[in-house]
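Engineer: Submitted below is the structure of interest, expressed as structure tokens.
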Amino acid sequence: MKMFKSKKIKRDTKRLFLKIGACSSTFFYILNREFGYPMETEVRAADPLAGGIMQKGDQCGMLWGSALAVGAESFRRHDDRGQAIGIAITATQHLMESFSKRAKSVNCRDITGCDFSSKISMAKYFLFGRVISCFKLAEKWAPEAIQSATEGLSHEQTDLPQLPISCASEVAKKMGASDEEMVMVAGFAGGLGLSGNACGALSAAIWMNTLAWCRK
């Protein structure tokens, strides 16, 4: 039964990727659906995180979208905002580990071999089949993303600081975010799960601005 579900998720992932268009929004949608809470506007606002944040080649958009989804689920599971933030960060770390094992890197530029700022490089990406590698990666990682997200969210937290802080959440708060939105971006902290990559606070600001635009 588990194998059947995994195959179904893989088949559906490619269809959704083609329909939604952005890897970040696709994985935000897939995990939200697994948790049973669709968030159409929030999902669309994740589009700019594709291609490694505004197509700059940093961490893969699949990770940013998945982090938003586990943040949203952490908020629903925990009444205490601090605990929800801490667990969102931990769940994002699980996602990072799983993705790194599958893709051998977390950065878009390493995975695609594409410099999206170059028209020639982008043309090669689409014309010579490199885009297919993203679809294949999405298909393979989708079931693993769901599993690692579930495990991360269920992980017992005995060593959390009394007041877990996420730079991404603090930026979102200053931009007028709700408690839910603060927890949703919590996993962005420290370059996704405190991994030290491209700035999570920047990505939170991009998502918040796009979310406001989508709502208008």
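Engineer: Within the stretch 78-87, is there a residue that is in contact with a strand residue (DSSP E or B) (Cβ under 9 Å, 6 or more places away or on another chain) and under 21 Å from E34 (Cα atoms)?
Structural biologist: The answer is no; no qualifying residue exists.
Engineer: I want to confirm something. Restricting to the stretch 112-145 and keeping residues that are among the small types (G, A, S) and either under 19 Å from L18 (Cβ atoms) or in contact (Cβ under 8 Å) with a residue 12 or more places away in the chain (or both), which single residue is surrounded by the fewest Cβ atoms within 10 Å (Cβ to Cβ)? Reasoning before the result, please.
Structural biologist: Within the stretch 112-145, the subset among the small types (G, A, S) is 113, 117-118, 121, 123, 129, 133, 138, 142, 145.
If we keep only those that are either under 19 Å from L18 (Cβ atoms) or in contact (Cβ under 8 Å) with a residue 12 or more places away in the chain (or both) as well, we get 113, 117, 129, 133, 138, 142, 145.
Details: G113: 13, S117: 11, G129: 9, S133: 15, A138: 21, A142: 26, A145: 28.
Once the filter is applied, the top-ranked residue is G129.
Here is a yes/no grid of residues against (1) under 23 Å from M96 (Cβ atoms); (2) touching a residue at least 24 places away in the same chain (Cβ under 8 Å); (3) surrounded by fewer than 24 Cβ atoms within 10 Å (Cβ to Cβ):
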position	(1), (2), (3)
S6	yes, yes, yes
I9	yes, yes, yes
K19	no, no, yes
E40	no, no, yes
R44	no, yes, yes
D58	yes, yes, no
M62	yes, yes, no
E73	yes, yes, no
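Engineer: To continue, here is another question. Filtering the stretch 1-27 down to residues that are of a type in the set (A, V, I, L, M, F, W, C) and at pLDDT 90 or above, which residue is nearest to the chain's Cα centre (by Cα)?
Structural biologist: Among residues in the stretch 1-27 that are of a type in the set (A, V, I, L, M, F, W, C) and at pLDDT 90 or above, the one nearest to the chain's Cα centre (by Cα) is F27.
Engineer: Output the residue which, of all residues in the stretch 49-94 that are part of a helix (DSSP H, G or I) and touching a Pro at 6+ places or on another chain (Cβ under 6 Å), is farthest from C23 (Cα to Cα).
Structural biologist: If we filter the stretch 49-94 for residues that are part of a helix (DSSP H, G or I), which is where we start, we get 49, 61-77, 81-94.
Add one more test, that the residue is touching a Pro at 6+ places or on another chain (Cβ under 6 Å), and what stays is 82, 85-86.
Values: G82: 29, I85: 24, G86: 25 Å.
The qualifying residue farthest from C23 (Cα to Cα) is G82.
Engineer: While we're looking at this one, here's another question. Exactly one of (1) β-branched (V, I, T); (2) over 13 Å from T90 (Cβ atoms); (3) at pLDDT below 95 is unmet by T158. Its number?
Structural biologist: Result: T158 passes all but (2).
The values are calculated or read from the model by the stated rules, or taken from the named source; none is laboratory data. Source: prediction; values computed, not measured. Cβ coordinates were reconstructed from backbone atoms using ideal geometry, including for glycine residues, and neighbour counts include every protein chain displayed.
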